[in-house]
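Heads up: the structure comes next, in structure tokens.
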Amino acid sequence: MDMTEASSKQKLQLKELEELRLAAYENSRIYKEKTKAAQDKLIAKKEFSVGNKVLLYNSRLKLMPSKLRSRWVGPFVVTHVFPYGAIEIMDESTTKKLTINGQRLKHFYEGFTEHTVEELSLLDLPST
């Protein structure tokens, strides 16, 4: 085998290797796009407007876990909605303002009425 033939064979192998690398890069890009689309479908879009009451997720609670402790603090009032998901909230008791990512907030619903349930003992029922 002479040198020219060996060099042309080596160049061919390098080109094949480069094509394989580019194909792997393209497959990786396609996989990332598909997984991002699948993950984005799972994200619930929350719309906030000025004046809404919201609860803030307490991320520091993970350091000291407790089953019965609530992970949400608040309620806070939305004072400004920035583009791209940032939201400014205000604590009503201290009038302190915070700018928070909207994914850490959820709506606070008030005005629920409690219903009393009538208790009925099975021992007190008349026999039929």
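The values are calculated or read from the model by the stated rules, or taken from the named source; none is laboratory data. Predicted model only: the values in this text are computed from it and were never measured. Quick reminder, even Gly has a Cβ in these numbers, built from the backbone with ideal geometry, and neighbours come from all protein chains shown. All accessible areas refer to the heavy atoms of the entire protein, side chains included, with ligands and DNA or RNA removed. Shrake-Rupley method; radii C 1.70, N 1.55, O 1.52, S 1.80 Å.
Observations, loosely collected:
- Index of the failed condition, Ser70 passing every other in (1) open to solvent by 90 Å² or more (accessible area, probe 1.4 Å); (2) assigned to a loop (DSSP other than H, G, I, E, B); (3) at pLDDT below 80: (1)
- Hits in the range 83-102 (condition: closer than 16 Å to Lys45 by Cβ and either free of Cβ contacts under 8 Å to residues at least 24 places away in the same chain or aromatic (Phe, Trp, Tyr) (or both)): Pro83, Tyr84, Gly85, Ala86, Asn101
- Hey, Lys106 at pLDDT 85 or above, surrounded by 11 or more Cβ atoms within 10 Å (Cβ to Cβ), charged (D, E, K, R) and in contact with a Leu (Cβ under 6 Å, 6 or more places away or on another chain) or not: yes
- Those residues of the range 8-49 which are open to solvent by 100 Å² or more (accessible area, probe 1.4 Å) and either within 30 Å of Trp72 (Cβ to Cβ) or of a type in the set (Gly, Ala, Ser) (or both), in sequence order: Lys36, Gln39, Lys41, Leu42, Lys45, Glu47
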